Each structure stands twice: as structure tokens, then as C-alpha cells.
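Participant: Just passing along the structure, written as C-alpha cells.
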Amino acid sequence: MNVSIVGSGYVGTTVAACLADLGHEVVTIDIDEDIVDTVNDGRSPIHEPGLDELVAEHGGGRLRASTDYDEILDTELTMLALPTPSNDDGSIDLQFMEAGAASVGEALAGAENAATDPHLVVTKSTVVPNTTEDRLAPRIADAGLERGTDFLVASNPEFQREGTAVADFLNPDKLVFGTDDDRATALLNELYEPLREAADDDVPVVETGIAEAEMIKYANNTFLATKVSLINDIGNICKEFGVDAYEVADAIGLDDRIGEQFLRSGVGWGGSCFPKDTDAIIAAAREQGYDPAVLSAAVELNDDQPKRLLSLLDDHVDVSGKRIAVLGLAFKPGTDDIRNTRAVPVIEGLKERGAEIVAYDPVATENMRERYPDIEYADSAATALAGASGAVVVTDWDEFAALDAAFDEMADSVVVDGRRIIERRDGITYEGLTW
Ligand SMILES: NC(=O)C1=CN([C@@H]2O[C@H](COP(=O)(O)OP(=O)(O)OC[C@H]3O[C@@H](n4cnc5c(N)ncnc54)[C@H](O)[C@@H]3O)[C@@H](O)[C@H]2O)C=CC1
Ligand SMILES: O=C(O)[C@H]1O[C@H](OP(=O)(O)OP(=O)(O)OC[C@H]2O[C@@H](n3ccc(=O)[nH]c3=O)[C@H](O)[C@@H]2O)[C@H](O)[C@@H](O)[C@@H]1O
């Protein structure tokens, strides 16, 4: 199939490269010329394992990028993979989605030889229920187009994680097709047929309504975020009792009804989506007159975990004027993404205490330097630790597990681990956040 994807960021580029790898002809459309040039040169605009290879193989060939919305005219369907950031009140800012939908409509309306089949516009981004219906379809129609004749809309939320996006996209637990027209369902089935054939296991397809599909995405993300907050709550109780929360989690994870995943307690959840999506669905629910108590508590608990980490550090070191190492800046390992990383509240707390911060991350340093140009960045964990009077671990990068002799070079070997990643215990003052 010929496919266009508007927005060539984390999701758009990953989906595009994977669809090209599965045999589709894909063009991404982005307003950022650097991103477009990068993709066409066969380079990935983002750090994501496996993506460099796919873009190198298909970039400039079956995978192209452009700034020109008219490219969608040669395609059968267009996915909107545009940002849906938070407004100050937590609701989602739809300006990028609406701008993209309007541009798609204008391109379709300006076609000299209008296609006979309606063009399918798929909402890939995460949007609250009824957004596609109430806010996006009307923007497409604004160009003088008729829904059902000139265009169709659908929701096909994406469940990939950063750091494993390529593998997740190619082997999803499920595909969700939210449609109100059989022609849209048929196009989505055709789009994903090669993926389902190539996947390691059977991939269930959930065919549902558009608003249901939009809500499934929020239910999925907020359920997982709440699961982590719940294990953090349990972990905080464990710490009070001197109980190892990881042994507890391993045991409860054996119960199929609980499941072993997302039971790693620690400094909490960050990233571009859990915080944003939780806030967005809480704001949307409140607008309807419902106040989601559990989700609000999950957010509150998550906000407290970095404070608990720093308070454990305070128990051992007065950090004012002392060199303190922050190990890990990305919101999770495998990515250079620092959006809503727990490292930010940790750095803020250390700054408030007057600490001299030295930070290290294998890939996210440059992104963090833009946000905090004034702190010191080390080029290795060992360099960050050398001479430090304390260290906090914020991201569970594998390389931190093996740190050993580097702790002996600290001025005072106090290590507060927010991710249960450090293996060394002997000869250092080690505090786990929930163990
Ligand atoms: N990052 C992730 O792992 C996941 C994100 N999502 C959702 O997918 C959506 C997109 O997220 P990301 O890919 O992370 O965003 P992103 O910020 O990485 O990428 C968005 C891209 O859209 C481009 N753009 C902005 N306005 C445009 C316009 N009018 N026309 C063309 N291009 C434009 C930007 O230049 C940027 O390259 C969000 O709703 C997010 O919640 C869903 C699942 C996973
Ligand atoms: O909508 C999205 O963008 C994506 O959000 C999450 O993916 P992602 O944020 O990339 O990463 P996760 O692996 O879910 O981790 C999120 C945060 O939770 C934290 N986490 C995760 C698991 C755990 O057991 N403990 C824990 O603290 C991680 O450190 C990280 O800060 C979801 O897992 C994806 O399904 C979804 O598509």
C-alpha cells in the first residue's frame, strides 16, 4: 500500500520505517526540514534501538520524508502521528492535530484528479474520546470535503514503548481499529496484514468504535501507570517495615491475575506519555463532571517518589555545597528522551538544597544540557562518582549494574538507588528506595 504519516517523531518515524520494512511505500510529512533531510539521507532522527538500521535500509527508497502535504495524494491512507502535549490544566493541546488535519483536508481538496475512493485519515496520536469525531473530522471537512465520500476517519492507537519501539510495533499484543465505516476497517486490515503475517505470535485485532479506540489507549496507559504507583505504594510500606519490595513483587507477579510486568518499584514513572495521558484523561473526566480518585492518587504518589529519594539521601549527607552524582537522566533506559523524566524533580530538589550536581547518562546528556546548561555533565558514571559525596540512581541503565570500584573513588560512598540496579552493597552506604 501507499501510506503517508504526518509527523516524523518517535511514533511517526518508527511506524513509517517498520511499515516500509513490511513492504509498504511510506512517506512521512513533517514541518521540520532537518528531520525530513535526515530521514531521506537514511538516518534516524531519534535514538531508538533497531531504527537506525531500518531507516538506513529504506530511507530515500520505500521510506521517504517530505514537507509537502500534497504527497498524501499518492497514498491511500494518512496517519496523524502529531504531538498532543499538555495544557497547563492537564488537558491535551490539540493545536498540532487540528493543524495537521486541516492541512490534510486542504491537500485532498486541492487534488486535480480526486481519487474515487475516500481517503482514510487515521488518528495515531493519543487523543481523548471523541476528539477524532468532534475536533479532527470537522477540520478535514473545512476544506469543503464530504465525510464518507471524500474522506473517512479512524482511530488506531499505538502501544509501542520507547527503547523497544521497533520490536513492540512489529510484535504488538493487539491492534485496535476504531472505525465507523467498513471501508476504513478494510483499509486498516490491509495495512496490517503483512505485520500480522510476519509477527512471531498471533496478533489479535480489536475492531471497535472510534471513541472506544481512543479510550482504550488511555485505559491502557493509565492502568499501567497506576500499577507502577500501586507497587510504589506497596514498596514504600515495605521500606517502613524493612521488607524487600522486589521479593514481594516477584511473588505477587506469579499470580496470573496480577502479572509480573510493571512491578518494578522506585522513583516513579516519567516519559512523554504516562504523565501527559494520566493528566489528560483526568482533566477530560472532570470536564464531564467525574473526578477519578484512583488516577489522581496515582499521580500524587508518583510526584512524591523523587522527594522520598532525596529524603533518603538527606538521612546520610547534608548535600549543601557537596558534589552529588546523578546517574541516569533519560526517563527510562534505551532512549535519549528526557520528557517528564524523574531526573528533573531530583535535580530540582538537589539544586534547592544547594548541591553541586554532576550528572551522567549514556545518551541523554545533550538533551538535558539544553534544559540545565549550568550543571556539570560527566562522560562516564565513574567520572561522575569520583569525588562525589553522594549518588542517586534515577535510570536503570544496564551499565550501572556493573559499577563497583568506582564507588571507592567517592568522597563519601553514599548511594541511593531509585531503580534497584546497583549490584554492589559491601563497603558502601546503600539505600534502596523501596527495599
Ligand atoms: N513517544 C511514544 O513512544 C508514543 C507516543 N504516542 C503518542 O503519539 C503522538 C506523537 O508522539 P511522538 O511521536 O512522541 O511526538 P514527537 O514530538 O516525537 O513527533 C511529532 C512530530 O510532528 C511534527 N509536527 C508538528 N506539527 C506538525 C504539522 N503541523 N505537520 C507536520 N508535522 C508536524 C514535529 O516536527 C515532530 O517531528 C502523541 O499523541 C503521543 O502521545 C503513542 C504511543 C507511543
Ligand atoms: O503511550 C506511550 O507513549 C507509551 O507509554 C508507555 O511506554 P513508555 O513511556 O515508552 O515506557 P514504559 O516502559 O511504559 O515506562 C514508562 C515509565 O514507567 C517506569 N516504570 C515502568 C515499569 C515499572 O515496572 N516501573 C517503572 O517505574 C519507567 O521507568 C518509565 O519512567 C507504554 O508502556 C506504551 O505502551 C505506550 O505506547
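What follows draws every value from the coordinates through simple rules; no lab data is involved. None of the values given here were measured: they were computed from a predicted structure. Counting neighbours? That spans all protein chains shown, and the Cβs are built from the backbone with ideal geometry, glycine included.
Participant: Given R₀ = 30 Å, what would the calculated FRET efficiency be for E53 paired with F223, taking r from the Cβ atoms and rounding to 0.05?
Facilitator: 0.40
Participant: Given the Cα-Cα distance of D408 and E207 and 0.36 nm per residue of separation, how much length would full extension add, in nm?
Facilitator: Working: separation 201, 0.36 × 201 = 72.36 nm, distance 5.73 nm.
Roughly 66.6 nm would be gained on extension.
Participant: Per-residue ellipticity at 222 nm for the chain, helices alone: DSSP H runs ≥ 4 residues times -39500 (n - 2.57), over residue total, nearest 500 deg cm²/dmol? Write down the numbers at each step before the final one.
Facilitator: Values: 14 runs with 170 residues, N = 435.
The per-residue figure over the chain is -12000 deg cm²/dmol.
Participant: So who's got an amide H within less than 5 Å of the one on S86, skipping anything under 5 residues away but keeping other chains? H placed 1.01 Å off N, in plane.
Facilitator: HN-HN under 5 Å from S86: D93.
Participant: Structure shown: which of K124/K217; K239/K351; K124/K227; K227/K307; K227/K332 lie over 22 Å apart, alpha-carbon to alpha-carbon? Let's see the in-between values first.
Facilitator: Details: K124/K217 10 Å; K239/K351 26 Å; K124/K227 24 Å; K227/K307 20 Å; K227/K332 17 Å.
Distance filter (> 22 Å) returns K239/K351; K124/K227.
Participant: Could you give me D for region 357-423, from Stokes-Einstein at 20 °C and 1.002 mPa s, where the hydrodynamic radius is the Kirkwood radius over C-alpha pairs? Units µm² s⁻¹, please. Intermediate values should be presented prior to the final figure.
Facilitator: Numbers: Rh = 12.2 Å.
The Stokes-Einstein estimate is 176 µm²/s.
Participant: From the C-alpha coordinates alone, can you work out the Kirkwood hydrodynamic radius of region 1-207, in Å?
Facilitator: Working: mean 1/r = 0.0590 Å⁻¹.
Taking every pair of different Cα atoms in region 1-207, averaging 1/r and inverting gives 16.9 Å.
Participant: Give me the orientation-averaged projected area of the Cα convex hull of region 228-434, in nm², one decimal.
Facilitator: Orientation-averaged projected area of the Cα hull: 12.2 nm².
Participant: Placing +1 on the Cβ of each Lys and Arg and -1 on the Cβ of each Asp and Glu in the chain, which of H58, A325, V203 has its Cα farthest towards the positive end of the resulting dipole?
Facilitator: With unit charges placed on the Cβ atoms, the residue in question is A325.
Participant: Another question about this same structure. For region 224-239, in order, what is each residue's ³J(HN,Hα) by Karplus, 6.51 cos²θ - 1.76 cosθ + 1.60 with θ = phi - 60°, in whole Hz (x at glycine and Pro)?
Facilitator: 5, 4, 5, 4, 5, 5, 5, 5, 5, 4, 4, x, 5, 5, 4, 4
Participant: Please give the net charge around T131, taking every other residue with its beta carbon less than 10 angstrom from that of T131, where Lys and Arg add +1 and Asp and Glu add -1.
Facilitator: On the way: positive: R135; negative: E98, E133, D134, E214.
Once all neighbours under 10 Å are counted, the net charge is -3.
Participant: Right, next: Just to be sure I understand: of the beta bridges DSSP finds with both ends in the chain, what percent are antiparallel, rounded to 5?
Facilitator: Within the chain, antiparallel bridges account for around 5 percent of the total.
Participant: Mind grabbing the base-10 log of I(q)/I(0) for region 257-302 at q = 0.15 Å⁻¹? Debye formula, identical points on the C-alpha positions, no solvent, two decimal places.
Facilitator: Computed log10 I(q)/I(0) values: -0.47.
Participant: Using just the alpha carbons, could you tell me how many Å³ per residue the convex hull of the chain encloses?
Facilitator: Values: hull volume 64.2 nm³, N = 435.
Measuring per residue, one finds 148 Å³ for the Cα hull of the chain.
Participant: What are the GluC sites (Glu not before Pro) within region 199-270 that DSSP puts in a loop, where the Cβ has at most 14 other Cβ atoms within 10 Å?
Facilitator: Working: sites: E207, E212, E214, E240, E247, E260; in loops: E260.
Those satisfying the criteria are E260.
Participant: Can you bin region 94-162 into rounded, prolate or oblate? Criterion: square roots of the alpha carbon gyration tensor eigenvalues sorted a ≥ b ≥ c, rounded for a/c under 1.5, prolate for a/b above b/c, oblate for the rest. Can you show the working numbers first?
Facilitator: Numbers: a/c = 2.02, a/b = 1.74, b/c = 1.16.
Because a/c hits 1.5 or more and a/b exceeds b/c, region 94-162 counts as prolate.
Participant: Next question. In angstroms, what radius of gyration and Dmax does region 211-349 have, counting Cα atoms only?
Facilitator: 16.5, 53
Participant: With a/c under 1.5 counting as rounded, go ahead and sort region 345-388 into rounded, prolate or oblate using the C-alpha gyration tensor (a ≥ b ≥ c being the square roots of the eigenvalues; past the cut-off, prolate if a/b is larger than b/c, else oblate). The partial results should precede the final answer.
Facilitator: Values: a/c = 2.13, a/b = 1.14, b/c = 1.87.
Here region 345-388 falls in the oblate category.
Participant: Moving to a separate point now. Which of the peptides 174-187, 282-295 is most tightly packed, and how do the rest follow, going by the mean number of other Cβ atoms within 10 Å of each residue?
Facilitator: Details: 174-187: 18.9, 282-295: 13.5.
Highest mean packing first, the order is 174-187, 282-295.
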